[in-house]
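Report on the following structure.
The values are calculated or read from the model by the stated rules, or taken from the named source; none is laboratory data. Because the structure is a prediction, the values reported are computed rather than measured. Cβ coordinates were reconstructed from backbone atoms using ideal geometry, including for glycine residues, and neighbour counts include every protein chain displayed.
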């Protein structure tokens, strides 16, 4: 009987559509609210920047893809060394300006590393962190200042509640085609704001984020469903889309006041010849 119940639960989990995935709430881990506004210390993200420039390619479909299959053993070690340097950084003693790129780069570098360790995979959701859990987001992947951290910790217990900036969703990358672009350069104190805006514009003006179909219905990324609270409400989501929309999307959104559907593509954002040729 117990085996039957387990099998039924597994079968039911497989039937849950991608758009029904529940996202964790933004719940502050108070331990990470500390910062030093007078600090002039910075973090060296050069090694991560080099890897991004080497392996991130804009594909012909307008989505940035990562050449996981191309990563050399030397560059795998460079990634490991970079993450080790972040693990040794007293992040709570940094200013907010330097903490933001620290956490964003850490999240993205850990995501690339976990994909590389499990490659080849068709989707990041194939890397399970528990019996009923699709995806590696609850795996403890690194220790910072003596605290074991997961990807969920970084995104939902640090970045979202500390900065309260919906543009964070355009910075952290989940290695999926439905996700906003992994940028070709590392975040830094100097470029974070501009990269957040760039990420918003790139994503929102791509069909995987927002499109108005021939019937005038607005179809948008499930990100805006999962994290609607970060944008206020549905009206806030639409206002946010309009803020960053360029033509022809801007005109198509003018008379839109409701969302008609959501979509998301969990396929790996890997690089293949068909995507770039």
Problem - Residue in the stretch 226-237 that is closer than 21 Å to residue 123 by Cβ, within 14 Å of the chain's Cα centre (by Cα), surrounded by fewer than 19 Cβ atoms within 10 Å (Cβ to Cβ) and touching a residue at least 40 places away in the same chain (Cβ under 8 Å) present - result: yes
Screening 133, 143, 138 for residues that are modelled with pLDDT under 95 and either surrounded by fewer than 18 Cβ atoms within 10 Å (Cβ to Cβ) or in contact with a helix residue (DSSP H, G or I) (Cβ under 8 Å, 6 or more places away or on another chain) (or both) leaves only 133
Note: among 225, 193, just one is assigned to a helix (DSSP H, G or I) and in the same structural domain as residue 94 (by TED's automatic domain parsing), namely 193
In the set 245, 186, the lone residue that is within 24 Å of residue 58 (Cβ to Cβ), in contact with a helix residue (DSSP H, G or I) (Cβ under 7 Å, 6 or more places away or on another chain) and not assigned by TED's automatic domain parsing to the domain that holds residue 67 is 245
Could you go through the stretch 258-272 and let me know if any residue there is assigned to a strand (DSSP E or B) and farther than 18 Å from residue 62 by Cα. yes
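Matching residues to (1) without any contact (Cβ under 8 Å) to a residue 60 or more places away in the chain; (2) part of a helix (DSSP H, G or I):
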{"site": "38", "(1), (2)": "yes, no"}
{"site": "41", "(1), (2)": "yes, no"}
{"site": "44", "(1), (2)": "yes, no"}
{"site": "49", "(1), (2)": "no, yes"}
{"site": "53", "(1), (2)": "no, yes"}
{"site": "57", "(1), (2)": "no, no"}
{"site": "61", "(1), (2)": "no, no"}
{"site": "75", "(1), (2)": "yes, yes"}
*Quick one: is residue 110 modelled with pLDDT of 95 or more, buried (at least 16 other Cβ atoms within 10 Å of the Cβ) and over 17 Å from residue 29 (Cα atoms)?*
yes
Worksheet item: Does the stretch 99-116 contain any residue that is in a loop (DSSP other than H, G, I, E, B) and either free of Cβ contacts under 8 Å to residues at least 60 places away in the same chain or over 19 Å from the mean Cα position of the chain (by Cα) (or both)?
Response: no
